[in-house]
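The values are calculated or read from the model by the stated rules, or taken from the named source; none is laboratory data. Computed from a predicted structure; not experimentally measured. Glycine gets a Cβ as well: all are built from the backbone with ideal geometry, and neighbour counts include every protein chain shown. For accessibility, only protein heavy atoms count, side chains too; no ligands or nucleic acids. Shrake-Rupley method; radii C 1.70, N 1.55, O 1.52, S 1.80 Å.
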Amino acid sequence: MAFPLSSSITLSFTPSTPKRHFLSTHFAFRFSQARCQENARPFQLKVQCKASKEAFDKDKSQCRNIPTSFNLSTLINGTMKLENVIAVILILAEITSPLSLAGWDFWSISPANAVLYSPETKLPRTGELALRRAIPANTNMKAIQDSLEDISYLLRIPQRKPYGTMEGNVKKALKIAVDGKDSILASIPADLREKGSTLYSSLVDGKGGLEALLKSIKDQDPDRVSVGLASSLDTVAELELLQAPGLSFLLPEQYLKYPRLTGRAIVELTIEKGDGSSFSPEAGGELRKTATIQVVLDGYSAPLTTGNFAKLVTDGAYDGTKLSCINQAIISENDTGKNGYSVPLEIMPSGQFEPLYKTTLSVQDGELPVLPLSVYGAVAMAHSEVSEEYSSPYQFFFYLYDKRNSGLGGISFEEGQFSVFGYITAGREILPQIKTGDIIKSAKLVEGRDRLVLPSDS
């Protein structure tokens, strides 16, 4: 709200609290604003506190001037600084009177900005989402992915969903896909380009593609939108994986002595009950003596940690390993007899192109990892017994994230302190059934053996 060049405002605050002795408070303001620096006029302020309005009117001529002389040309040329001065006066009025000023709109006062940092919206909350965001793919594909992922948040809005915004997001994704077709396909290695072309066609106008998703949004069918969105994002991830056949950065020379995974791999862990009991049946099934957990390892963000883990799996090091349940985690036994590597702590910060080594992240300062621990079913290495700058050569854990036991923004208190290297993508439902003494009957590397590079190979 703009102020006139010369105006006067009188505010009166009378306490409403019964049986308490307060003075009524009156404020008289008079101020002037110069049109330019040359003819600037002083800012005059009168303040009077009286027991009643009648006394105020009676002694008005005797009001003491509190000569506060400001040259408004020094106050950012006018109203912005003036509003700050009046805001201070209102705060004083709030303190001296029990009458709340909340909701009073005398004039526009800029709102205060919160200083607490809440990164909740920036952190992926599922393993699938975290893994998809971790793929180092073509910028056009990332733009399509971001546009589609926004729809998943819009779908959570109850009742009147913003279908118009969703439609705009899909049209934006379609335009990027069509205009950037050559760039998208050129980012795929020549031997995989035919497969990439098929996936591209499926993404644009396939049965579960963007055109079909757009139609579901226009029909305002939230169930079909959800299914179509999941299908489109799966296709996006497949295309991105074709665009990222290896690491997008060079490892430091001193770390080439460790095993490393140059992409994605999948490990299947078969769990059996240590006391001979059974796992709950799957839908329509029978009780199971064993249950299977599938873990996707992300070598793009943690090549050394995943390389060491994958090598241990191929060596059979985890077959017969006992599990223990501790606070918010299921941890493997620490058998120092296994031949693993004590890999340096390895964390890829968001927005960076290579991991940090031997360094934790400060979440309080806004540092967040590409692979967050604050996801139910995250898989990470325990710390070395010798130094927290290194991971254990062998011991890993499944993290049982619980928002009720987390800090600001739903972030785990341990976020940024461990080397997270993958997520459970199948079998999460059996985690609550695992008890101390249960056993990893077998662990197998079922996909990605060709991406595992051993020191002797290099």
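Counting 0.36 nm for each residue step from GLU389 to GLN294 and taking away their Cα separation leaves a gain of 31.4 nm.
Distant-in-sequence amide contacts of SER442, defined by a placed amide H-H separation under 5 Å and a gap of 5 or more residues or a different chain, comprise THR270, GLY320. Counting only protein heavy atoms and a 1.4 Å probe, the stretch 125-243 has 50 square angstrom of accessible area per residue. Working note: Cα gyration tensor of the stretch 125-243, eigenvalues times five, square-rooted, sorted largest first, giving semi-axes of 25, 15, 12 Å.
The 3J(HN,Hα) values that the Karplus relation (6.51, -1.76, 1.60; θ = phi - 60°) gives for the stretch 383-396 are, in residue order, 6, 5, 5, 8, 8, 6, 7, 10, 8, 4, x, 9, 6, 10 Hz. Gly and Pro appear as x. Would you mind checking LYS338/LYS403; LYS171/LYS195; LYS142/LYS215; LYS142/LYS444 for any pair whose Cα atoms are more than 26 angstrom apart? As for pairs spanning more than 26 Å Cα to Cα, those are LYS338/LYS403; LYS142/LYS444. Phi-derived couplings, Karplus 6.51 cos²θ - 1.76 cosθ + 1.60 at θ = phi - 60°, listed residue by residue for the stretch 168-173: x, 5, 5, 4, 5, 4 Hz, with x used for Gly and Pro.
Note on the stretch 125-243: with charges restricted to the Cβ of Lys and Arg (+1) and Asp and Glu (-1), its dipole about the Cα centre is near 340 debye. Taking every protein chain into account, the accessible area of the stretch 253-452 amounts to 43 square angstrom per residue (probe 1.4 Å). Across the stretch 435-450, computed HN-Hα scalar couplings (Karplus, 6.51 cos²θ - 1.76 cosθ + 1.60, θ = phi - 60°) run 10, 4, x, 5, 10, 7, 5, 7, 9, 10, 8, 8, 7, x, 4, 6 Hz from first to last residue, x flagging Gly and Pro. Near ALA426, the amide H atoms lying under 5 Å from its own belong to GLN294; only residues 5 or more places off or on other chains count, and H is placed 1.01 Å from N. Less than 5 angstrom separates the built amide H of TYR390 from those of LEU345, SER384, all sequence-distant by 5 or more or on a different chain.
Label the stretch 162-304 by shape, choosing from rounded, prolate and oblate, from the square roots a ≥ b ≥ c of the eigenvalues of the Cα gyration tensor; if a/c is under 1.5 it is rounded, and otherwise prolate applies when a/b is larger than b/c, oblate when it is not. Note, shape of the stretch 162-304 comes out oblate.
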